[in-house]
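Reading through the structure tokens given below for one structure.
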Amino acid sequence: MPVPPSANKTAEDTIERLSREPGFNLSRGLAALRGNQLKYLELLSRFAVTHADDMARLAETLDKGDQAGAQRIAHTIKGTAATLGADHLSEMSKLLEEKLRKQYVSPLRSDDFRADMDKISHAFMALMSALPQKPDIVDAASSARVNPEIVKKILHELDTLLAQSDTSAIALLEKNAALLRSALGSLFEKLANQINGFDFDKARETLKILL
């Protein structure tokens, strides 16, 4: 299925715009997707949308007394942002994670970290405004027939990528979405939601049922 010329032009324009933004390592981000600009922007957009409200969730988690849970939220943003080349977000999340780890005064309150959380939230908003609303997705498996051996091979590849916390798993899932949806039925949506939400550990648990 050919990629529309307009989609390539939009991707090129967006990459050019991001290259002028401070705090982006586009070379690393694109390398994770083997230079595929459309897939890179798709993942970057999904990352921004999925985690845009994380600081509100972190504040709620912290105010419930779950300091370890708050650290995990910051840690997840740090790692995924670094993989996608969003170094500014990764660094801010790293600093927040370190502050949460060092603070042992109980109880910790979200207001103690408000300045750091606001910076991260503003960075997510800026990222979303710099990205297209919905990058074009090419589903190469849209007309594929269900072949159990092929499905099994794809699932094993997914498991390998997820075990390495490799965001290429999202691209692999999208590429084979039609085939996997036909083969897995309702479990596909569960698996897709977990992978697209960067919840790779739970996605691997779902894969254990399928493999």
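Rule-based calculations on the coordinates, nothing more; no lab input. Here the structure is a predicted model, which means the values were calculated and not measured. Virtual Cβ from ideal backbone geometry, glycine too; neighbours counted across all protein chains shown.
Below are the figures for this structure:
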quantity: Spin-label model distance (nm) - Arg20 vs Glu189, 7 Å beyond Cα toward Cβ; calculated: 4.3
quantity: Cα gyration tensor of region 1-103 - equivalent ellipsoid semi-axes, whole Å, descending; calculated: 31, 14, 10
quantity: Residue of Leu131, Leu162, Leu187 that the Gaussian network model of the chain assigns the largest fluctuation, springs spanning Cα pairs under 10 Å; calculated: Leu187
quantity: Charged-residue dipole, Cβ positions (Lys, Arg, Asp, Glu), the chain about Cα centre, Debye nearest 20; calculated: 360
quantity: Cα gyration tensor category, rounded, prolate or oblate, for region 148-210 with a/c compared to 1.5; calculated: rounded
quantity: Placed amide H near Ala86: partners under 5 Å, 5+ positions off or other chain; calculated: Asn25
quantity: Shape category assigned to the chain from the gyration tensor of Cα positions, a/c cut at 1.5; calculated: oblate
quantity: R0 of 35 Å, Cβ-Cβ distance Glu149-Arg28: FRET efficiency to nearest 0.05; calculated: 0.50
quantity: Among Ile195, Ile150, Ile15, residue whose mean-square fluctuation peaks in a GNM of the chain (springs only between Cα atoms under 10 Å); calculated: Ile150
quantity: Check: region 148-210 dipole with +1 on Lys, Arg Cβ and -1 on Asp, Glu Cβ, in debye; calculated: 160
quantity: Most mobile listed residue (Leu184, Leu33, Leu84) in the chain, GNM with C-alpha springs under 10 Å; calculated: Leu184
